[in-house]
Amino acid sequence: MAEYNVDIPFQVPFVHRLRFTRDVLDADQQVLVDLLQGSGEQPPKVQFWVDEFVANANPELKARLRRLAQCQRDRFSLIGNIQICPGGEAVKNDIHVIERMLKCMHAADLDRRSYVVVIGGGAVLDAVGFAAAIAHRGIRLVRLPTTTLAQADSGVGVKNSVNLFAKKNWVGTFAVPWGVLNDQSLLKTLPDRDFRCGFSEAVKVSMIKDAKEFARIESAAGAIAARDMRVVGPVIQRSAELHLDHITRGGDPFEALEARPLDFGHWSAHKLEVMSQFELRHGEAVAIGVAVDTVYSALVHGLPMTDADRVLQTLRRLGLTLDHPVLHETEELFSGLEEFRQHLGGRLTLTMIPEIGSKLDVHEVNRPKMLEAITRVADFVRGESKAN
Ligand SMILES: NC(=O)c1ccc[n+]([C@@H]2O[C@H](COP(=O)([O-])OP(=O)(O)OC[C@H]3O[C@@H](n4cnc5c(N)ncnc54)[C@H](O)[C@@H]3O)[C@@H](O)[C@H]2O)c1
Ligand SMILES: [Zn+2]
């Protein structure tokens with residue numbers, strides 16, 4: 001028999017659907033319903049999953065979802081109870097939660113043309129998204145992010161995961177969501193601390209892609225921190241667009257290449273989260289990571305130090321903390337560089353910022369300069385508190 005060896009490149013077409021609404025459970029419910037496309041005679045089966053803290057903060061939510069399902073019963077059929085799952089990083093830190101989710105999806109007889117609609121913060125989206133991605137090798141997932149971070153960043157992404165072996169996102173898949181619906185009303189109950197977190201990712205993506213957007217966030221930082229939704233809405237929208245643009249047009253949605261520019265500031269952020277035993281939220285750790293890599297970019301890669309100061313000031317005016325005791329456990333922190341490399345394989349590749357709005361891939365870190373960057377960020381915070 002003749003040998004048959006071929007390498008055939010092929011592409012898989014995906015559609016990413018992103019919607020923005022103000023009141024998805026009421027006036028704008030049609031936007032959600034229109035995402036739930038049926039195929040065949042019967043309306044599609046839908047299972048809702050809700051973040052426990054979102055459910056607790058909105059005692060009416062379950063009843064509203066049931067009412068919505070009742071009104072729209074010719075468009076989709078709600079299967080079983082509305083499922084509540086642990087909120088925050090806890091949902092990602094216990095692998096058994098995934099098994100429980102799979103059992104519920106199995107008990108509801110969901111199939112590949114059914115929908116899992118998940119309402120929650122980024123952690124819940126990641127965990128439910130992972131379960132939905134492996135059930136039947138993929139049930140359609142519709143995300144309704146309820147945090148600024150998830151609306152501005154993770155919700156539009158094509159990744160899901162949970163933590164394992166004390167490592168962030170160690171187990172997960174790439175899976176394109178069926179749809180993402182960013183609804184402003186879902187942010188109302190978000191505590192201030194979590195509200196601020198999303199803007200570290202908005203600053204991050206503006207720094208690598210859009211200098212004008214950075215300037216807008218810089219000048220609006222006070223209004224954003226004060227939750228002025230007329231300002232917040234467009235900033236979240238732009239951040240989601242920039243993330244989505246990178247995923248759909250950046251040429252590497254499943255991160256096969258070395259560079260991961262959206263992970264600017266994240267090599268340390270992921271490690272800081274774990275080192276602080278998740279006392280630091282992802283968005284808070286990202287603020288610190290972005291601050292450190294920005295100052296490092298100024299020390300090593302030509303970013304003017306005055307621009308680095310603007311970034312630190314913007315993050316502070318957004319209400320984000322830029323220091324934490326674990327930042328100074330530098331030996332352990334630096335082991336995060338190797339973990340970051342291992343997660344991707346290949347050469348260590350970090351994104352740095354030669355000027356605001358553009359990026360540079362680097363493959364090594366000058367540790368004394370990185371230590372200096374950490375000290376400068378801590379000094380900045382100290383100087384600020386002395387001034388007050
Ligand atoms: N998949 C990706 O591409 C990607 C990208 C960035 C971050 N992430 C992950 O996202 C997670 C962080 O997500 P997050 O910042 O959205 O925080 P989170 O999901 O941890 O939510 C923060 C807290 O707020 C609660 N909450 C959420 N929405 C609420 C609301 N509207 N009202 C009241 N309480 C609410 C949550 O239950 C939780 O306790 C991390 O695990 C991070 O690794 C994933
Ligand atoms: Zn992030």
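Every read-out reported here was derived from the displayed coordinates using simple, explicitly stated rules and does not represent laboratory data. Because the structure is a prediction, the values reported are computed rather than measured. Reconstructed Cβ throughout: ideal geometry from the backbone, glycine too, with neighbour counts over all protein chains shown.
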Highest mean first, what order results for 278-285, 49-56, 199-206, 90-97 on Cβ atoms within 10 Å? 199-206, 278-285, 49-56, 90-97
Cα axis of helix 122-134 to longest principal axis of the chain: angle in degrees, 0 to 90, nearest 10? 50 degrees
Can you pull the one-decimal nm distance between simple spin-label points at ALA226 and ALA90, each 7 Å off the Cα toward Cβ? 3.5 nm
Of ASP34, ASP252, ASP183, which is the most mobile in a GNM of the chain whose springs link Cα atoms less than 10 angstrom apart? ASP34
Rg/Rg_ref, the stretch 17-187, where Rg_ref = 2.2 N^0.38 Å and atoms are Cα: 0.94
Inverse of mean 1/r across different Cα pairs in the stretch 132-254, Kirkwood, Å: 15.4 Å
Tell me the label-point distance for the pair ASP26, ILE8, using the 7 Å Cα-to-Cβ offset, in nm and rounded to one decimal. 5.4 nm
Note the angle between two axes, namely the Cα long axis of helix 229-249 and the longest principal axis of the Cα atoms of the chain, as a number of degrees from 0 to 90, rounded to the nearest 10. 80 degrees
Residue separation times 0.36 nm, minus the C-alpha to C-alpha distance between GLN237 and LEU348: what's the value? 36.8 nm
Give the Debye-formula value of log10 I(q)/I(0) at each listed q (0.10, 0.11, 0.13 Å⁻¹), with one equal scatterer per alpha carbon of the chain, two decimals each. -0.65, -0.77, -1.06
Number of Lys pairs in the stretch 17-187 closer than 30 Å at Cα, excluding neighbours under 8 places apart unless interchain, is 16
Separation in nanometres of the label points that stand 7 Å from Cα toward Cβ, at GLU258 and ARG367: 2.1 nm
Counting only DSSP beta bridges fully inside the chain, the antiparallel percentage to nearest 5 is 25 percent
Could you tell me how many degrees, from 0 to 90 and to the nearest 10, lie between the Cα long axis of helix 266-275 and the main elongation axis, the longest principal axis, of the Cα atoms of the chain? 80 degrees
Using only the Cα atoms, what convex hull volume per residue in Å³ does the stretch 1-104 have? 225 Å³
For SER77, enumerate residues with amide H under 5 Å from its amide H, sequence gap 5+ or separate chain, H modeled in the peptide plane. LYS45, VAL46
